[in-house]
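Okay, so here's the structure we're looking at.
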Amino acid sequence: MDDTAEQGPEQDDRTDDAERPSDEERRKRLRDRRVGACRSAERVLSRPGFLGTLRERIALLDRAAEVYDLDEASDMYGGGVVAALEEKVAGLLGKEAAVFFPTGTMAQQVALRCWAARTGNPAVALHALSHPEVHERHALSQVGGLRPVRVTGESRLPTAAEVRGLDEPFGALMLELPLRDAGFLLPAWEELTEVVEAAREREAVVHFDGARLWESTVHFGRPLTEIADLADSVYVSFYKSLGGYGGAALAGPAELAEEARAWRHRYGGAVFQQFPTALSALIGLAEELPRLPEYVRHARVVAAALREGFAAAGLPWARVHPEVPHTHEFQLWLPYDPDVAARAAIRTAEETGTMLFAGAWDPGGPGLARTEVSVGAAGLEWTADDVRAAVAEFTARLVEEAGRAGGA
């Protein structure tokens, strides 16, 4: 095992600056060690499929015959299994049509530029923490010729008052449901309907970034069709919650879908064959989608046990956000350096065979670390007592790692 990234302060003091790894190399080594620990641990709260080996990922298609007739002709530039997936998604969301895209980034750019052409207004009202603003390198403006207008930067969804009070016209309102970078947050149903109505009053269309919309039904207490019906168009992902190889779909009116296909071709998204991704998506819809409500409910058990475990371990400042998760994913905040938390999580897995936190740790501010916790099929096997016991093991190593870092 390569421990270079985890060398203690004493060893650091004996190392010349020229021999020390760069921050980028150190982060890479830390990530590689974390992934290795996740793969080898006997028990992990969340073991993401995408971290598996190629053999494990390919094995997902062993179940493909259960969701589609494998004796049918393969797809070429759409059609076949891709068309079947599109029809399935349109039905699940209650929309006239759906279009398959290789990425969600492409799907949303196409949707919003199509709406801009129809409304005659390139301004897109959105949250400052939304995916296009944080993770897409300004693609809306640089590629699509659109103009993002931030409704709010607060760690919550936009309010109806903010939408009504926006001081310039906009052609579309984009709502990310749930808002990942704010803690996988969802508004109350009444708040969501009021925001949509406010956009309608402004004569704007409404687009849902629903990458993780699949798991929102428990919080809203509504079926997918009723949730999606609020929006003119909806984008959904096939890998973020469903465990597919990738891909996304844009659902909405038939005319929008027809235009989106043309723009998909222009964007280079008309891929020759997509059957592995389409089949993995159909498997996810058949196997994971029905289980998501169960994951959401158990995430609330895990979140409560985390709070109790950290309080019992003497870390009452630890924060689960939101306190009662809105989906099966939520944030955990600790008053430690991210590298300290990462090393503690890795050591716990290596030394006990149990990994509580498999995700990366990011800086949440000076002296603060933040990670995302996801509860899936593996997490259902964890009781509240299991979580509290794992917190105790993790906390002991967290204090040790903090002491080492403090002595550097």
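In table form, for the structure just shown:
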{"read-out": "Residue 322 vs. criteria of a type outside the set (Lys, Arg) and touching a residue at least 12 places away in the same chain (Cβ under 8 Å)", "value": "yes"}
{"read-out": "The stretch 346-367: number of residues that are modelled with pLDDT of 95 or more and more than 21 Å from the chain's Cα centre (by Cα)", "value": "9"}
{"read-out": "Filter result for residue 336 (open to solvent by 10 Å² or more (accessible area, probe 1.4 Å), modelled with pLDDT of 95 or more and of a type in the set (Phe, Trp, Tyr))", "value": "yes"}
{"read-out": "Filtered residues of the stretch 290-319 (kept if surrounded by 19 or more Cβ atoms within 10 Å (Cβ to Cβ) and without any contact (Cβ under 8 Å) to a residue 12 or more places away in the chain)", "value": "none"}
{"read-out": "Every residue from the stretch 177-210 that is open to solvent by less than 10 Å² (accessible area, probe 1.4 Å) and either at pLDDT below 95 or on the phi > 0 side of the Ramachandran plot (or both)", "value": "183, 184"}
{"read-out": "Residues of the stretch 70-127 classified as open to solvent by less than 10 Å² (accessible area, probe 1.4 Å), part of a loop (DSSP other than H, G, I, E, B) and under 18 Å from residue 230 (Cβ atoms), total", "value": "1"}
{"read-out": "Every residue from the stretch 173-222 that is touching a residue at least 60 places away in the same chain (Cβ under 8 Å), more than 26 Å from residue 147 (Cβ to Cβ) and among the small types (Gly, Ala, Ser)", "value": "183, 216"}
{"read-out": "Flag for residue 314 being in a strand (DSSP E or B) and either modelled with pLDDT under 95 or closer than 22 Å to residue 48 by Cα (or both)", "value": "no"}
{"read-out": "One residue from 359, 403, 365 being open to solvent by less than 40 Å² (accessible area, probe 1.4 Å) and free of Cβ contacts under 8 Å to residues at least 40 places away in the same chain", "value": "365"}
{"read-out": "Residue 372 modelled with pLDDT of 95 or more, part of a loop (DSSP other than H, G, I, E, B), among the charged types (D, E, K, R) and under 22 Å from the mean Cα position of the chain (by Cα)", "value": "no"}
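The values are calculated or read from the model by the stated rules, or taken from the named source; none is laboratory data. Note that the structure is a prediction, hence the values are computed from the model and not measured. As a convention, Cβ positions derive from the backbone with ideal geometry for all residues, glycine included, and neighbour counts pool all protein chains shown. Surface accessibility is based on the protein's heavy atoms, side chains included, excluding ligands, DNA and RNA. Shrake-Rupley method; radii C 1.70, N 1.55, O 1.52, S 1.80 Å.
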